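The values are calculated or read from the model by the stated rules, or taken from the named source; none is laboratory data. Since this is a predicted model, take the numbers as computed values, not measurements. As a convention, Cβ positions derive from the backbone with ideal geometry for all residues, glycine included, and neighbour counts pool all protein chains shown.
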Amino acid sequence: EIERLTGQGVAITPDTLKIAENAALILPLHGAVDRAREARRGDDRIGTTGRGIGPAYEDKVGRRAIRICDLSDRDLLAKRVNSLLVHHNALFRGLDLPEVEADDLIEQLHAIAPKIQPYADRVWQRLDEARRQGKRILFEGAQGAMLDVDHGTYPFVTSSNTLGGQAAAGSGVAPGSLGMVLGITKAYTTRVGSGPFPTELDDEIGRRLGERGHEFGTVTGRARRCGWFDAVMVRQAVTIGGIDGIALTKLDVLDGFEQLQVCTGYRIDGALLDHLPAQPALQARAEPVYERFEGWSDSTQGARSWADLPATAVKYIRRIEELIAAPVALLSTSPERDDTILAPSERPSSFISSRDQMATSPASPNGETIALNQSIDLLPGERLPEFDSPQAEAYGARERQTGNPLMVLIARPDLAPRRDVMGKLVRQERLSMLSALSWGIADWPPAGGQRFVAVFPRPRGRRLQPEPGARFEPWREDEILRRLIEPVTPVLRDLEARSITHRAIRADNIFLEGSAEGTCMLGECVMAPPAMDQPAIYEPIEGMLALPGGRGRGFAADDLYALGVTIAVLLAGGDPVEGLDEQARIESKIHRGSYATLIGRTRLSLPMMEVLRGLLCDQRVERWTLHDLELWLGGRRLSPKQPSLPIRGQRPYSVEGTSHWSARAVAAALGLNWEAGVAALKRNDLATWVRRSLSDEELAERVASAGGVGAGASRGGGGLRDRLVSRILMTLDPSAPVRLRGFAADIDAVGQAVSVHYDDPALRQAFGELVQAKLPQAWLDSQLLSRSEHGMLRKSFDVMHHFMSRSEAGCGIERCLYEYNEHLPCLSPNLQGDYVSESADLLPALERVAASGTLPNSPIDRHIAAFACARVKGIPDRLLRTMADGDNVILQQLSVAYFLAEVQRATGQSGFPHLSAWVARLLAPVVEAFHNRDRRKAAAEAIEKAAASGNLLALARAADDPDARQYDETGFAQARAEYAAMAQEIAELESGKLVDPAHVRLRSRQASSLVAGCALGAIFALPILAVLLPSLLVLSVCLLPTLGAYVADRYRDKSLAITVGLLNICGALPALGQLWSRGQTLIAAGEVLGDVFLWLLAYGAAGVGWILFSMMPPVVMTYLSLSGTARAQELRDRQEKLIEIWGKEVADQDDGEEE
């Protein structure tokens, strides 16, 4: 294939083609086995292509396959081939085929290896790099969904998985990174080879479809079997393949048919089925149930817009969409590429753009439009305040191809949008709810920086309630049923099926479809944290007690409650309790129940009373479910639920002058008035009230225990008292939020609450104390009935406590912000103007900051450190500790470099020259810390080179060379010692110590002795063999001067005696020579002593010694003076050299030590 394409002029290089190194090879023997097996099946043929794909998959699963990476190791390849042939040659013998020779197969593999290996690569890694760089990746499937080996028409299937999920498993990309799944299907149905085909047309119509559609197999060239469109099979493929939309092709083939048919079900043995069963026998007996459509005579070939299509063709397409439960995103009307129609104008973008692609889109030069995901233009000049959400401003947008008007909501930069919910709602456009068509990060001129934006269909009608609290004309019960409950219930069912809660159902977030009499459509629910914007009246009691940001995602029951409140608002034409303040509303709901509070004395029909009592039940477990609501809509009537009110006490408990009759009411009042709670703790009367008024001894004991009775707790400090009040409230009302002073959040939303209310210092402080005191864990302990997720929550809060107990960057409250709010953008002031919500966004944002020239002190502050640690797993803890070490600037800056390098490693990004240069400048103290000039220069050059490459890890390693640093420290210590010794010697030389008279005399004596000794050594070349008595006699006489010198010598070292004695011995040696030559007898000794010349020689030598000793001091003084001056100059030169190499610290530190 490579050779064929190259021959056609297509350049195929290792840069344009990558083959996974772990890909298994299809060998010639696989094709032989495939064809032989197919031939033996006879009439039971599966219809394989005979290419050997199936047997190759068998070898892969059997761990026998030869992979591309095996071609590079000849020894391993031979072993793999031999192992493979042990299996296949046995098959060949059974199939009466000649066996394969191992050497022949190895030779073939060696021949193709050089042609394939240059293209082998780690494809999984290349794809991940492309994904992190924001590039678009297209995966193409090769076969139909119903040929999937697991979910297809088994055994008439291929040997692999063909569904959308296989794109991740086969390529090695993360499953969560897959975006839109586009299914390809014809406007009729075809199949190659054997297998069930319920709608097959073995008649003139089938042949006509095949001829007009040129239906022949791509590989085998066999004629395809043709039949009517099978909506049952396509719907099944949509479901199991996770298909978001379909491309419907070959619509023009149906031109001219008077009547068309679509299969809507199967009849098997008299039973009607809406799916294809798994049993082959049942598949074979399936009879199609058809729905008939009028055909069209006009040609659709070459049509490029919906207006060009006949009305009957459009009707045919619409019905297909309904039957398969998926929209038609693309429509093909001829083999020409340009003859393609995009999805209808009201919903194109959700299928064309990737759900999770977050590419930054710059504004156009004229500022009029901003491109988003290549399919939508945003209009920053078209403000749409009537469509604002509480936390997002609305602007105009339009579909680029059709000009269809849309709207874009601009998220607040300090809130976390529900991006996970957006992805799950991408196919919600068929239901009555605003769901995002596309979203991303865009440069937004009105905000002066990047913002998260989401595009929605522009509502065609007004809101039910213009704004919260506004009055309007009340609705009749039949209107509420027909226009609100009936269209909204399917939406809630779909949300529940997707494990999503809306949490923004309220009258001012519901739009009318079209005219004022249209049905209702729920507004968006994704631009702010769940339930943040809900007026308290729409929340159950526990939601009213929580901060707006601390209500959490909640449950489907919470959406049903909000629907009930919305009905009450419509019945009343506005807020049904507008005369009550917040605390009074809570107290009324607790004492009277939500139904009585909101409905009051309003006259309702029995069915409406029934549904409202069910939806407004205050106990979540007793509240109506969606199933109950659907039964009610279906006409089934249930007995109206009576409110389950809390137990009323015999006498009230007074809080700030207001009487409260139940434990829940008391807990709510004390939680809203914290100082009253502290006062109640000090009075220690709550347990007594519970015991006497509620007659609940067990609850009284728990309240007393929570309040620390008997432990002197009431006399403790403010922090302790606050914690005890919090525990008391949990005991009195376990279903209420976890609370501490002004902070109150649902147990699932503690992390969310701190992100929403982060700007409030008091709430930040309360959050920190709440976590440090482990109050969330205490809340879990207080629950009488635990949920399955409580164990995970406990672990999560233990981790949160760990973060809050550490003060260094990367921990603390900032870490909790990002660890427990997955889509919260980084709030660092260093990143003003950038919207950084993913780890891959961080380094590009810092690169822009570095390029701007206005640089903070460090690229990393507490927010960036915490954000990176939360988004990038595996950053070593030691980096956080060393970054916090303000006493060691070098270690601190090295840690910054390594920290950023860890982010770069995790994201796989490259090319940050400005950021690298910034970090390199921060590493200047590291370079300056080197004492050695050459080492300092080498380190600076290495850092500069690494910075130029943009590789932060290389930059950190260039600055952090332990061997070089150790060498530098050792050399510096040696240089200091050497310099100190030199300084001391110079000082002695310059102080005149060298020419001091005492020193001169000492040196003179030593020198004279040394000279005399040298003379003796020069003369006394031969060893004295023996000293006999004659010799002693001669020496005694000759050495009398030495004896005199010893007596006269006043010096301790006897240097005079040594000098005279040594030269005296030299003068006595001729006398000894004469003695030894005469035989060493006493007679000979007498003769020698009688020789006057020998006497004069011995005594003259002694005299020379006296003269030498007397003349030596001036000579030594002159020598020492000259040599001392030269030595001092030499030492000064060496000191200057040390300073040049190691720096002035060599001398400064030494001076400091001397001081």
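Has region 189-210 got any residue that is outside any loop (DSSP other than H, G, I, E, B) and of a type in the set (Phe, Trp, Tyr)? Scanning region 189-210, I find no residue that is outside any loop (DSSP other than H, G, I, E, B) and of a type in the set (Phe, Trp, Tyr), so the answer is no.
For ALA998, the conditions (1) assigned to a helix (DSSP H, G or I); (2) over 30 Å from LEU1131 (Cβ atoms); (3) not basic (Lys, Arg) are fulfilled apart from (2). Any residue at all in region 390-399 that's buried (at least 18 other Cβ atoms within 10 Å of the Cβ), outside any strand (DSSP E or B) and among the small types (Gly, Ala, Ser)? No, because not a single residue in region 390-399 is buried (at least 18 other Cβ atoms within 10 Å of the Cβ), outside any strand (DSSP E or B) and among the small types (Gly, Ala, Ser). Against the test of being within 21 Å of ASP148 (Cα to Cα), in a helix (DSSP H, G or I) and among the small types (Gly, Ala, Ser), the options ALA56, ALA39 yield a single qualifying residue, ALA56.
Restricting attention to region 170-194, the residues being outside the structural domain of LEU260 (by TED's automatic domain parsing) and under 22 Å from THR48 (Cα atoms) number 1.
No other residue among THR597, THR566, THR602 is β-branched (Val, Ile, Thr), outside any helix (DSSP H, G or I) and touching a helix residue (DSSP H, G or I) at 6+ places or on another chain (Cβ under 8 Å) apart from THR602.
Note on region 461-472: residues that are loosely packed, with under 15 Cβ neighbours inside 10 Å and either among the aliphatic types (A, V, I, L, M) or assigned by TED's automatic domain parsing to the domain that holds MET433 (or both) amount to 1. Kindly list, by first and then second residue, each pair from a residue in region 572-587 that is closer than 11 Å to GLY469 by Cα to a residue that is basic (Lys, Arg) and at pLDDT 90 or above, limited to pairs with Cβ atoms under 7 Å and residues at least 6 apart or on different chains. Between residues of region 572-587 that are closer than 11 Å to GLY469 by Cα and residues that are basic (Lys, Arg) and at pLDDT 90 or above, the close pairs are GLY573/ARG471; GLY574/ARG471; VAL577/ARG585.
Given the options SER654, SER644, name the one that is at pLDDT below 90 and of a type outside the set (Lys, Arg). Before you say what the answer is, go through the steps one by one.
Values: SER654 fails: at pLDDT below 90.
Residue meeting the stated conditions: SER644.
What about LEU629, is it surrounded by 13 or more Cβ atoms within 10 Å (Cβ to Cβ), assigned to a loop (DSSP other than H, G, I, E, B) and at pLDDT below 95? For LEU629, the condition - surrounded by 13 or more Cβ atoms within 10 Å (Cβ to Cβ), assigned to a loop (DSSP other than H, G, I, E, B) and at pLDDT below 95 - is not met. Just one of the listed residues (ALA531, ALA557) is out of contact with any strand residue (DSSP E or B) (no Cβ under 9 Å at 6 or more places or on another chain) and assigned to a loop (DSSP other than H, G, I, E, B), and it is ALA531. Candidates in region 730-781 are the residues that are over 18 Å from PRO540 (Cα atoms) and of a type in the set (S, T, N, Q); of these, the one that is surrounded by the most Cβ atoms within 10 Å (Cβ to Cβ) is GLN752. Going by the structure shown, is VAL678 of a type outside the set (S, T, N, Q) and in contact with a Phe, Trp or Tyr (Cβ under 7 Å, 6 or more places away or on another chain)? Against the criterion (of a type outside the set (S, T, N, Q) and in contact with a Phe, Trp or Tyr (Cβ under 7 Å, 6 or more places away or on another chain)), VAL678 does not qualify. In this structure, is THR158 more than 35 Å from the chain's Cα centre (by Cα) and not assigned by TED's automatic domain parsing to the domain that holds GLU3? In short, yes. Is it true that some residue in region 400-413 is over 24 Å from ARG463 (Cβ atoms) and either modelled with pLDDT of 95 or more or in contact with a helix residue (DSSP H, G or I) (Cβ under 8 Å, 6 or more places away or on another chain) (or both)? Yes - at least one qualifying residue is present in region 400-413.
Residue by residue, here is whether (1) modelled with pLDDT of 90 or more; (2) over 30 Å from PRO844 (Cβ atoms); (3) in the same structural domain as THR6 (by TED's automatic domain parsing) holds:
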site: GLY50; (1), (2), (3): no, yes, yes
site: ARG63; (1), (2), (3): yes, yes, yes
site: ARG67; (1), (2), (3): yes, yes, yes
site: ASP73; (1), (2), (3): no, yes, yes
site: LEU77; (1), (2), (3): yes, yes, yes
site: LEU84; (1), (2), (3): yes, yes, yes
site: GLY94; (1), (2), (3): no, yes, yes
site: ALA113; (1), (2), (3): yes, yes, yes
site: ARG132; (1), (2), (3): no, no, no
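Just one of the listed residues (GLN1080, GLN1074) is surrounded by fewer than 23 Cβ atoms within 10 Å (Cβ to Cβ), touching a residue at least 12 places away in the same chain (Cβ under 8 Å) and at positive phi, namely GLN1080. Count of region 42-80 residues, restricted to those that are within 39 Å of the chain's Cα centre (by Cα) and exposed (fewer than 14 other Cβ atoms within 10 Å of the Cβ), is 6. Listed by position, the helices (runs of 4 or more DSSP H) enclosed by region 85-174 that each have at least 3 residues that are surrounded by fewer than 17 Cβ atoms within 10 Å (Cβ to Cβ) and in contact (Cβ under 8 Å) with a residue 12 or more places away in the chain are 102-116, 123-132. In region 285-341, how many are in contact with a Ser or Thr (Cβ under 8 Å, 6 or more places away or on another chain), assigned to a strand (DSSP E or B), under 18 Å from ASP244 (Cα atoms) and touching a residue at least 40 places away in the same chain (Cβ under 8 Å)? Total meeting the criteria: 3.
In this structure, does LEU880 turn out to be buried (at least 17 other Cβ atoms within 10 Å of the Cβ), touching a Cys at 6+ places or on another chain (Cβ under 7 Å) and in a helix (DSSP H, G or I)?
Spelling it out, LEU880 is indeed buried (at least 17 other Cβ atoms within 10 Å of the Cβ), touching a Cys at 6+ places or on another chain (Cβ under 7 Å) and in a helix (DSSP H, G or I).
Against the definition (in the same structural domain as PRO335 (by TED's automatic domain parsing), part of a strand (DSSP E or B) and touching a residue at least 24 places away in the same chain (Cβ under 8 Å)), how does ILE240 come out, yes or no? Taking the combined requirement at face value, the residue does not satisfy it.
If you go through region 1083-1099 and keep only what is in a helix (DSSP H, G or I) and surrounded by fewer than 22 Cβ atoms within 10 Å (Cβ to Cβ), you end up with ILE1083, ALA1084, GLY1086, GLU1087, LEU1089, VAL1092, PHE1093, TRP1095, LEU1096, LEU1097, TYR1099. Scanning for something at pLDDT 50 or above, touching a strand residue (DSSP E or B) at 6+ places or on another chain (Cβ under 6 Å), hydrophobic (A, V, I, L, M, F, W, C) and outside the structural domain of LEU273 (by TED's automatic domain parsing), does region 352-370 turn up at least one residue? Scanning region 352-370 turns up at least one residue that is at pLDDT 50 or above, touching a strand residue (DSSP E or B) at 6+ places or on another chain (Cβ under 6 Å), hydrophobic (A, V, I, L, M, F, W, C) and outside the structural domain of LEU273 (by TED's automatic domain parsing).
Just so you know, in region 782-791 the residues that are free of Cβ contacts under 8 Å to residues at least 24 places away in the same chain and assigned to a helix (DSSP H, G or I) include one that is surrounded by the most Cβ atoms within 10 Å (Cβ to Cβ), and it is HIS790.
Scanning region 833-865 for residues that are charged (D, E, K, R), within 17 Å of ARG451 (Cβ to Cβ) and part of a helix (DSSP H, G or I) yields a total of 2. Residues of region 866-877 that are part of a helix (DSSP H, G or I) and either surrounded by fewer than 20 Cβ atoms within 10 Å (Cβ to Cβ) or at pLDDT below 85 (or both): ASP877 alone.
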